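What follows is one structure encoded as C-alpha cells, with my remarks underneath.
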Amino acid sequence: FDALAQIPMKEITTPNAHLHLWISDGHLSDASWLMTHWGFQIVSSFVWVKPTLGPGPYWRSSHELMLTAVRGELPFTHHALR
C-alpha cells in the first residue's frame with residue numbers, strides 16, 4: 001500500500017472519476033485509507049463469491065470485495081448488474 005499511495009492519482013485522473021479496487025477482507029481498512037488518500041469517497045461494494053474456500057485467520061474466506069469510489073460529479077449509468 002505504501003507504493004500504491006505514491007501514485008499521483010490526482011494528476012493522472014480527471015477531476016470527475018470512478019475508482020474500482022479489488023481487495024480481500026484483510027486489506028479493507030488499508031483500501032479505505034488509500035482511496036480517501038487519493039481523494040475518492042467510497043460509495044458501494046461488489047462481492048465476488050468464489051467457488052472454493054480460502055485461508056483466513058478467523059473465517060475461511062470465500063469472497064473478495066471490489067470497492068467503488070467516486071470523486072467529483074460523474075454519474076454511474078450502468079445499473080443492470082446486481
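The values are calculated or read from the model by the stated rules, or taken from the named source; none is laboratory data. Because the structure is a prediction, the values reported are computed rather than measured. Cβ placement follows ideal geometry from the backbone for every residue including glycine, while neighbour counts extend to all protein chains displayed. Accessible surface is based on the protein model in full, side chains and every heavy atom, while ligands, DNA and RNA are left aside. Shrake-Rupley method; radii C 1.70, N 1.55, O 1.52, S 1.80 Å.
Brief remarks on what is shown
- Approximate spin-label separation Trp48-Phe1, in nm, with each point projected 7 Å along Cα-to-Cβ: 2.0 nm
- Between the residues Ala80, Leu4, Gln41, the greatest Cα displacement towards the positive end of the dipole of the chain, with unit charges on the Cβ of Lys, Arg, Asp and Glu, is found for Ala80.
- A 1.4 Å probe run over the chain, with the rest of the protein chains in place, finds 76 Å² accessible per residue.
- The chain - percent of accessible surface contributed by carbon and sulfur, probe 1.4 Å: 61 percent
- Angle in degrees between helix 28-37 and the longest Cα principal axis of the chain, rounded to the nearest 10: 10 degrees
- Entry note, the chain: the mean residue ellipticity at 222 nm calculated from DSSP H runs of n ≥ 4, each adding -39500 (n - 2.57), is -5000 deg cm²/dmol after division by the residues and rounding to the nearest 500.
- Computed Rg/Rh of the chain, alpha carbon atoms with Kirkwood Rh: 1.02
- Qualifying chymotrypsin sites (Phe, Trp or Tyr not before Pro) in the chain, DSSP loop, other Cβ atoms within 10 Å at most 16: Phe1, Tyr58, Trp59, Phe76
- Highest-fluctuation residue, Gly39, Gly26, Gly54 considered, GNM on the chain with Cα pairs under 10 Å: Gly54
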